[in-house]
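The values are calculated or read from the model by the stated rules, or taken from the named source; none is laboratory data. These numbers were taken from a predicted model, which means no experiment stands behind them. Cβ atoms come from the backbone with ideal geometry, glycine included; neighbour counts cover every protein chain shown.
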């Protein structure tokens with residue numbers, strides 16, 4: 001039924017619409033992905049100010065009618081992430097993170113773990129914009145996001161036969177590391193890359209391990225191929 005509701009959400013994307021309105025893509029702690037229109041938000045004296053820009057974390061009042069878009073009727077700032085939005089590399093990293101979340105979680109089903117992970121990552125970029133230059137943090141974010149979605153790769157044993165030793169490759173189709181006997185359509189996976197994925201899932205995001213260029217490329221490929229095969233999602237490059 002039509003009516004108003006309140007939720008906390010992060011602005012993932014903001015699009016100009018008409019002469020004075022704005023359409024925003026939100027990810028909510030309680031409602032998942034939300035499409036909304038903020039009428040008159042681009043007018044100089046709009047009550048929303050600049051809050052409906054990407055990466056703002058907001059407390060929102062939304063009106064749900066019969067259309068596909070809800071209407072923003074109130075917004076107050078939880079986190080503005082001003083330092084992040086003033087740094088080019090951090091902006092790019094935050095944009096890739098929001099795009100990744102939009103591609104994986106494209107329904108109205110809430111996922112509190114994914115929401116909290118996004119908030120932590122944006123917070124890290126805001127506290128230290130130089131973290132944007134570390135591919136390890138971005139890749140750890142993607143791995144943890146895949147875990148929240150239920151698509152984390154198998155890393156403890158061969159995804160095909162269960163062998164726990166001689167894990168020499170990664171197969172997106174199989175959904176994880178594979179042994180030499182089951183390598184098949186997989187690609188060679190260095191021990192450093194395997195170790196990075198294991199540590200990234202085990203550690204808090206703020207303590208993500210560093211990744212050299214070769215390691216980062218292999219891990220990015222592993223995550224991308226896993227999600228392509230099992231979630232039917234095509235991600236852009238992590239960096």
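Residues of the range 187-223 being free of Cβ contacts under 8 Å to residues at least 24 places away in the same chain and in a loop (DSSP other than H, G, I, E, B), which ones?
204, 212
Of all residues in the range 31-62, how many are closer than 19 Å to residue 107 by Cβ and outside any strand (DSSP E or B)?
Number of matching residues: 1.
Out of the residues in the range 72-85 that are crowded, with 21+ Cβ neighbours inside 10 Å and out of contact with any strand residue (DSSP E or B) (no Cβ under 7 Å at 6 or more places or on another chain), state the one that is farthest from residue 61 (Cα to Cα).
Going residue by residue through the range 72-85, those that are crowded, with 21+ Cβ neighbours inside 10 Å are 72, 75, 81, 84.
Within this subset, residues satisfying the condition of being out of contact with any strand residue (DSSP E or B) (no Cβ under 7 Å at 6 or more places or on another chain) are 81, 84.
On the way: 81: 21, 84: 25 Å.
The extreme case among them is 84.
Restricting attention to the range 1-30, which residues are in a loop (DSSP other than H, G, I, E, B) and either more than 24 Å from residue 118 (Cβ to Cβ) or out of contact with any strand residue (DSSP E or B) (no Cβ under 9 Å at 6 or more places or on another chain) (or both)?
Step one: list which residues in the range 1-30 are in a loop (DSSP other than H, G, I, E, B), which gives 1-2, 18-20, 29-30.
Answer for the range 1-30, where residues must be in a loop (DSSP other than H, G, I, E, B) and either more than 24 Å from residue 118 (Cβ to Cβ) or out of contact with any strand residue (DSSP E or B) (no Cβ under 9 Å at 6 or more places or on another chain) (or both): 1, 2, 18, 19, 20.
Just give me the residues in the range 38-47 being surrounded by fewer than 19 Cβ atoms within 10 Å (Cβ to Cβ) and in contact with a strand residue (DSSP E or B) (Cβ under 9 Å, 6 or more places away or on another chain), in sequence order.
Let us first name the residues in the range 38-47 that are surrounded by fewer than 19 Cβ atoms within 10 Å (Cβ to Cβ), namely 39-40, 42-47.
Scanning the range 38-47 gives 39, 40, 42, 46, 47.
Filter the range 172-186 down to residues that are within 24 Å of the chain's Cα centre (by Cα) and in contact (Cβ under 8 Å) with a residue 24 or more places away in the chain and give me whichever is farthest from residue 231 (Cα to Cα).
As a first pass, look at the range 172-186 and keep what is within 24 Å of the chain's Cα centre (by Cα): 172-177.
This time we only want the ones that are in contact (Cβ under 8 Å) with a residue 24 or more places away in the chain, so: 172-173, 175-177.
Values: 172: 11, 173: 11, 175: 11, 176: 14, 177: 17 Å.
My answer is 177.
Listed residues 88, 50, 108; which is surrounded by fewer than 16 Cβ atoms within 10 Å (Cβ to Cβ), more than 20 Å from residue 142 (Cβ to Cβ), out of contact with any strand residue (DSSP E or B) (no Cβ under 6 Å at 6 or more places or on another chain) and modelled with pLDDT under 90? Let's see the steps before the verdict.
Working: 88 fails: modelled with pLDDT under 90; 108 fails: out of contact with any strand residue (DSSP E or B) (no Cβ under 6 Å at 6 or more places or on another chain).
Unique residue meeting the criteria: 50.
Just for the range 117-139: of the residues that are surrounded by fewer than 20 Cβ atoms within 10 Å (Cβ to Cβ) and in contact with a strand residue (DSSP E or B) (Cβ under 9 Å, 6 or more places away or on another chain), which one is nearest to residue 89 (Cα to Cα)?
Restricting to residues being surrounded by fewer than 20 Cβ atoms within 10 Å (Cβ to Cβ) and in contact with a strand residue (DSSP E or B) (Cβ under 9 Å, 6 or more places away or on another chain), the top hit is 123.
Please state which one of 204, 153, 209, 129 is assigned by TED's automatic domain parsing to the domain that holds residue 95 and at negative phi.
Numbers: 204 fails: assigned by TED's automatic domain parsing to the domain that holds residue 95; 153 fails: assigned by TED's automatic domain parsing to the domain that holds residue 95; 209 fails: assigned by TED's automatic domain parsing to the domain that holds residue 95.
After ruling out the rest, the residue left standing is 129.
Let's see how each residue does on (1) touching a strand residue (DSSP E or B) at 6+ places or on another chain (Cβ under 8 Å); (2) modelled with pLDDT under 95; (3) loosely packed, with under 15 Cβ neighbours inside 10 Å:
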position: 200; (1), (2), (3): no, no, no
position: 212; (1), (2), (3): no, yes, yes
position: 223; (1), (2), (3): no, no, no
position: 233; (1), (2), (3): no, yes, no
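How many residues does the range 165-175 contain that are touching a strand residue (DSSP E or B) at 6+ places or on another chain (Cβ under 7 Å), crowded, with 21+ Cβ neighbours inside 10 Å and either on the phi > 0 side of the Ramachandran plot or in a loop (DSSP other than H, G, I, E, B) (or both)?
0
Results for (1) in a helix (DSSP H, G or I); (2) in contact with a helix residue (DSSP H, G or I) (Cβ under 7 Å, 6 or more places away or on another chain); (3) assigned by TED's automatic domain parsing to the domain that holds residue 207, shown as yes or no for each residue.
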position: 74; (1), (2), (3): no, no, no
position: 77; (1), (2), (3): no, no, no
position: 83; (1), (2), (3): yes, yes, no
position: 91; (1), (2), (3): yes, yes, no
position: 109; (1), (2), (3): no, no, no
position: 115; (1), (2), (3): yes, no, no
position: 122; (1), (2), (3): yes, yes, no
